[in-house]
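Single-structure report; data block below.
The values are calculated or read from the model by the stated rules, or taken from the named source; none is laboratory data. If you're wondering where the values come from, they're calculated on a predicted model, not measured in any experiment. No Cβ is skipped: glycine too gets one built from the backbone with ideal geometry, and neighbour counts run over all protein chains shown.
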């Protein structure tokens, strides 16, 4: 209802107000706490675990959770609690790097095709749509089958696959901006295309790119975990959760603890990222 | 509930008793309507008028109990057709909406369900109200459409909303609203957003139906002229309070509240010109809703205010049903003038930069504002055969067709026409924002300009600038005002100290303060944003500024201040304006010459006085007679028939012949008339019509008929 | 009008598919560099690699290879598998059929559930129940399928013994038995898609509820049920159709993991094993089939939207 629209009374420091509101939101707080916990685990790794996560103990294989092994042990008698802690590291390196790569490339690409439009836009949109016809896991499978699997290739493949997806989001945001007359005003004072794209438009689409990036981070974790699980992601001997689940999956009938804790860790990480995304979107929204 | 449902015979169609409405935002409650009492008698037409944010729409939605989720009636009572609205159960409320009250609002395109045909949407009204369906409901729908003067009801019934024009959509909605013979019809800005000629048609229709059906109307509008024309009584809303109420003729003829006086003075009076002095403004800003209690709501902006006004809230006083919430109603008309001559301190908060030089006194005598002297050999801007053809669904559509015009230094050329006439397309071509068809020529001081802005030299870019319609979209929201204006200074090669002082000078000349420079557009009001837009256009020292409807997104009190500013800047800097507007009074006030466009063609061009005095092109004539005005002469209304042609059915011959009320016959369909001088002595006044100018003049002088003036001449 | 719209849309899809086929082809033939080396491994004899490359035809120019491949592909000859030394097409056909069973079951469950959830939340917009449903849906949507599978298997298979832990039903099982074996594998898909569908349905409903035409309908005095059915949902659920179709694309990705996990011989498992074995003809055929199914689904969704949305029928998209 327009009745509350005001001609006067400028609203000051809207941004700060919004941040404060977001920091009061329980979802964001919970998300940040969980994410923070895993980041700490990833940074300190084996330094903070009760046991050596890589040490076999053939006398204590597959022992259920107990006071000395909180999450039990695996087939080789390794302490699962320690391995879960250390397992955060690789995924928290690979997924953010892939997301960052995709965001940077995608934002640049989206700015370009959105601003120049025309034939470039048509061609790029076709290619993006074609790529969208394929699920990411399958593209990654093809690419990784072809070039071989390593952390670097996983980062590159996911980054490249994300690029068109992020470009599409940024492109439509840019199209909304180029409809606005401030872009015409910039052309009329002689600004070049690069200046208009990066100085005028980019700051206005950045919030959208950032929210998109956090959404993509959630999916990057999703995909890295899935790929690791099917053997096309992070490679052993990493204590990665997906690998651990794949290795112990056949034991699920009798030794549930060998998979459940890794599964829970993965779930908690993606949900935490999702909660943070949700909070950030609320901050940037409007 | 029984007593609520029982109708008192002869009850008012609508009665507000001390009504207050609040909106909750966050943890705060804002009172947007406070203590409104009004009654609309049966068969009466009541107008609510006020600027945006004063609570008009809230009052309308309260009257039908459809407030936004965060809104609630926080006090008082509402009676519709004698029933206490707040006491009704959900079912009773639904019945009331079915039978007793209907509503029509702005933007008819969105008020119809896009995925259902009109027949379905009309029939369901009869289904729910009268329990009839099928053929019977369809027949009733057809009758209703015929009643709102839709020529081919069958075709309309089978259409989807998007296949109808805006005027047609609004007719359908009016037909739906009147289908059940409601006791009360609420019209919330029903013609805002429609073109002037369509608006005139719709208003005629409403007035006719009202006489025919004897319904009560609550008419809500920001336009004094529309309310004055349509309503028996009028209430003036300001900051959620009804500050004045009474019979329209008396409220507009002898206003008794300073706000009403201010509002009436802000609108350029009919026939008023810029050399007759600046327009009135209302200083200051609308207070936040509910922020004022224990004093007069208008005290901060009132030139008549005394200490008493800030110590107590004036009660409504008056006699014979003409009420005013003012302690000094008799002095309202003595309200001091608030033109551009007011020192800036009165308009802007403290801390204002002192203007670089006094601007306004020279205007009082009008000497500087005289039309520019004899045209130099080479006009400042010249276009020849300027055309732009778009492909729409594979068919060529000339948005701009063969326009040849000149613009001299210091001159204002007004560009008039309805939506689709090509006004803005023409502006974009001149600026190089879109590329004209081959063969088009645009020259600046005799030098041909490259078609694209990117191909122009800094000097050429600097010479031709624009003030956009929507200041919100025209300013980059991520930049501060300082940066917004500053970036335009780089075009003229200014940096460092020189740029800074120039920036301050420009900001001061549009009356922005030091504080505003550090703010971002979101923190500024619409009027301030437009000032930044103007500052940006003037930063590089342009020769020509295109003003594309620069005030149509603003309230009238803000509009007048912006128009004054434009006039001042022109007097100071001798720039030329290409001034685009749909508001004829505004164009007349500002322009030295006027060009009238229809479907991308130049239909008439000439000195303002000549274009307004006639002879007129029949299209201009229709525009003039559709022009809502409180005080102008009411020519016998010329109405346009049919709809604006589109790419698929572009007329041959004269493009206007499909709608022309003075069509001659065959020749109009066959041949495009030339742009011919409007009479032997007509200097620079030309009309594109097959009817000779003298015959046009003769036909048009018969139909002119001055209307008794409602208001004292505000000049 | 509608035919023209459909024709345009189909043409666009064909272009998309053509581009896709190039991408898939390049992915399968170009990325590995030396196909024979990639297939036979680093220890294989150089001559054997050359022979292999010649046998499968990868020593020819790329354009020739592509033309040969795609012209055969469109008539149903998808090439010969490296692993099985047999035509690929029958494998792909059987796998596609299996996957469709699984996908159909998941969609039958998730589409009504998601739409109902979204509409339900929209009617409570701003309240905590709305917020909770949105957050739940979003959170479920980002949990990888293998994780939810593990949890579901532990719950319903290991602890409760309600459902079989594998989709590998006994030979000759009837439709009901097959259904029982498919429930557990389809649940992770339901969980992933629920939030997605619910979010779009919710957004559409919120928008339609706030729309002026809904206000018109309410102020006409129509019963709430009529307002919802005729005015709100009709407009609100249009975008949902397109989204559901696009989910078919993601679906195949989920199938790779789920079919592997539950030992189900669908198209996902086929692509996975082909990728493992570097059986490029099989991989390309599987991937392109997935793309074609997706393209077909989106054309159908557009067609459905167009019949429901008169504005699209005008032909100007």
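Of the residues C:20, C:26, which single one is surrounded by 13 or more Cβ atoms within 10 Å (Cβ to Cβ) and in contact with a helix residue (DSSP H, G or I) (Cβ under 7 Å, 6 or more places away or on another chain)?
After ruling out the rest, the residue left standing is C:20.
Return the residues of the stretch B:28-69 that are closer than 18 Å to residue B:325 by Cβ, in a strand (DSSP E or B) and within 14 Å of chain A (Cβ to nearest Cβ); say none if nothing qualifies.
Matches in the stretch B:28-69: B:31, B:32, B:33, B:34, B:36, B:48.
Restricting to the stretch C:151-167, name every residue that is exposed (fewer than 12 other Cβ atoms within 10 Å of the Cβ), in a loop (DSSP other than H, G, I, E, B) and within 14 Å of chain A (Cβ to nearest Cβ).
C:160, C:161, listed by residue number.
Evaluate the following for residue A:224: is it outside any loop (DSSP other than H, G, I, E, B), under 16 Å from the mean Cα position of the chain (by Cα) and surrounded by fewer than 21 Cβ atoms within 10 Å (Cβ to Cβ)?
Taking the combined requirement at face value, the residue does not satisfy it.
Please determine whether any residue of the stretch C:102-109 is surrounded by 13 or more Cβ atoms within 10 Å (Cβ to Cβ), over 23 Å from residue C:292 (Cβ atoms) and under 29 Å from the mean Cα position of the chain (by Cα).
Yes, the conditions are met somewhere in the stretch C:102-109.
Looking only at the stretch A:251-268, count how many residues are assigned to a loop (DSSP other than H, G, I, E, B) and facing another protein chain (nearest Cβ under 9 Å).
4
If I filter the stretch B:526-533 for residues that are surrounded by fewer than 23 Cβ atoms within 10 Å (Cβ to Cβ), in a loop (DSSP other than H, G, I, E, B) and touching a residue at least 24 places away in the same chain (Cβ under 8 Å), do I get at least one hit?
no
Looking at A:220, A:209 in this structure, which one is within 14 Å of chain C (Cβ to nearest Cβ), at pLDDT 90 or above and farther than 30 Å from residue B:537 by Cβ?
A:220
Could you please let me know if residue B:597 is at pLDDT below 90 and crowded, with 24+ Cβ neighbours inside 10 Å?
no
Can you pull out the residues in the stretch C:71-92 that are under 21 Å from residue C:256 (Cβ atoms) and surrounded by 13 or more Cβ atoms within 10 Å (Cβ to Cβ)?
Answer for the stretch C:71-92, where residues must be under 21 Å from residue C:256 (Cβ atoms) and surrounded by 13 or more Cβ atoms within 10 Å (Cβ to Cβ): C:78, C:79, C:81, C:82, C:83, C:84, C:88, C:89, C:91, C:92.
Filter the stretch B:475-512 down to the residues that are over 17 Å from residue B:526 (Cα atoms) and in contact with a strand residue (DSSP E or B) (Cβ under 9 Å, 6 or more places away or on another chain) and list them by number.
Of everything in the stretch B:475-512, those that are over 17 Å from residue B:526 (Cα atoms) and in contact with a strand residue (DSSP E or B) (Cβ under 9 Å, 6 or more places away or on another chain) turn out to be B:488, B:508.
Consider residue A:202 carefully, then state whether it is in a helix (DSSP H, G or I) and away from chain B (no Cβ under 14 Å).
No, not satisfied.
Within the group C:301, C:285, C:277, which residue is more than 7 Å from every other protein chain (Cβ to nearest Cβ) and more than 19 Å from the chain's Cα centre (by Cα)?
C:277
Cβ-Cβ below 6 Å, separation at least six or inter-chain, first residue in the stretch A:143-155 and facing another protein chain (nearest Cβ under 8 Å) and outside any loop (DSSP other than H, G, I, E, B), second surrounded by fewer than 19 Cβ atoms within 10 Å (Cβ to Cβ) and at pLDDT 80 or above: which pairs?
Note: pairs meeting the criteria are A:147/A:153.
Helices (runs of 4 or more DSSP H) wholly in the stretch B:215-329 with at least 1 residues that are away from chain A (no Cβ under 14 Å) and farther than 29 Å from residue B:525 by Cβ - which ones?
Ranges flagged: B:224-230, B:248-253.
Which condition does residue C:248 not pass, out of (1) touching a residue at least 60 places away in the same chain (Cβ under 8 Å); (2) more than 10 Å from every other protein chain (Cβ to nearest Cβ); (3) farther than 23 Å from residue C:84 by Cα, if it passes all the others?
Looking at each condition in turn, residue C:248 falls short on (2).
Among the residues of the stretch A:163-176, how many are buried (at least 23 other Cβ atoms within 10 Å of the Cβ) and within 14 Å of chain B (Cβ to nearest Cβ)?
1
For residues that are surrounded by fewer than 18 Cβ atoms within 10 Å (Cβ to Cβ) and away from chain C (no Cβ under 14 Å), tally how many sit in the stretch B:143-161.
7
Here are B:684, B:665, B:679: which of them is surrounded by fewer than 19 Cβ atoms within 10 Å (Cβ to Cβ), under 30 Å from the mean Cα position of the chain (by Cα) and either modelled with pLDDT under 90 or farther than 29 Å from residue B:152 by Cβ (or both)?
From the options B:684, B:665, B:679, the qualifying one is B:684.
Only one of B:483, B:490 is at pLDDT 90 or above, surrounded by fewer than 18 Cβ atoms within 10 Å (Cβ to Cβ) and in a helix (DSSP H, G or I); which?
B:483
From B:72, B:77, B:95, B:120, grab the single residue that is within 12 Å of chain C (Cβ to nearest Cβ), over 17 Å from residue C:214 (Cβ atoms) and not in a loop (DSSP other than H, G, I, E, B).
Matching residue, one of B:72, B:77, B:95, B:120: B:95.
Tell me, which strands (runs of 3 or more DSSP E) lie completely within the stretch B:369-459 with 1 or more residues that are more than 28 Å from the chain's Cα centre (by Cα)?
Output list reads B:381-392, B:395-407, B:441-444.
Taking residue A:271, is it more than 8 Å from every other protein chain (Cβ to nearest Cβ), in a helix (DSSP H, G or I) and over 23 Å from residue A:66 (Cβ atoms)?
no
Cβ-Cβ under 6 Å, sequence separation 6+ or interchain: first residue in the stretch A:235-250 and within 14 Å of chain C (Cβ to nearest Cβ), partner surrounded by fewer than 17 Cβ atoms within 10 Å (Cβ to Cβ). Which pairs?
Pairs that qualify, where the first residue is within 14 Å of chain C (Cβ to nearest Cβ) and the partner is surrounded by fewer than 17 Cβ atoms within 10 Å (Cβ to Cβ), are A:243/A:236.
Before we move on, is residue B:469 within 14 Å of chain A (Cβ to nearest Cβ) and outside any helix (DSSP H, G or I)?
Taking the combined requirement at face value, the residue satisfies it.
Which residues, counting only those in the stretch C:130-148, are more than 22 Å from the chain's Cα centre (by Cα) and either within 7 Å of another protein chain (Cβ to nearest Cβ) or within 14 Å of residue C:254 (Cα to Cα) (or both)?
Residue satisfying the conditions is C:135 alone.
Kindly indicate whether residue C:264 is away from every other protein chain (no Cβ under 11 Å), crowded, with 19+ Cβ neighbours inside 10 Å, touching a helix residue (DSSP H, G or I) at 6+ places or on another chain (Cβ under 9 Å) and modelled with pLDDT of 85 or more.
Considered against the rule, which asks whether it is away from every other protein chain (no Cβ under 11 Å), crowded, with 19+ Cβ neighbours inside 10 Å, touching a helix residue (DSSP H, G or I) at 6+ places or on another chain (Cβ under 9 Å) and modelled with pLDDT of 85 or more, residue C:264 comes out as yes.
Tally time: how many residues in the stretch A:177-190 are at pLDDT 90 or above and either facing another protein chain (nearest Cβ under 7 Å) or outside any helix (DSSP H, G or I) (or both)?
Within the stretch A:177-190, residues that are at pLDDT 90 or above and either facing another protein chain (nearest Cβ under 7 Å) or outside any helix (DSSP H, G or I) (or both) number 7.
I'm trying to understand the selection: among the residues of the stretch B:555-591, which are in a loop (DSSP other than H, G, I, E, B) and crowded, with 24+ Cβ neighbours inside 10 Å?
B:581, B:591
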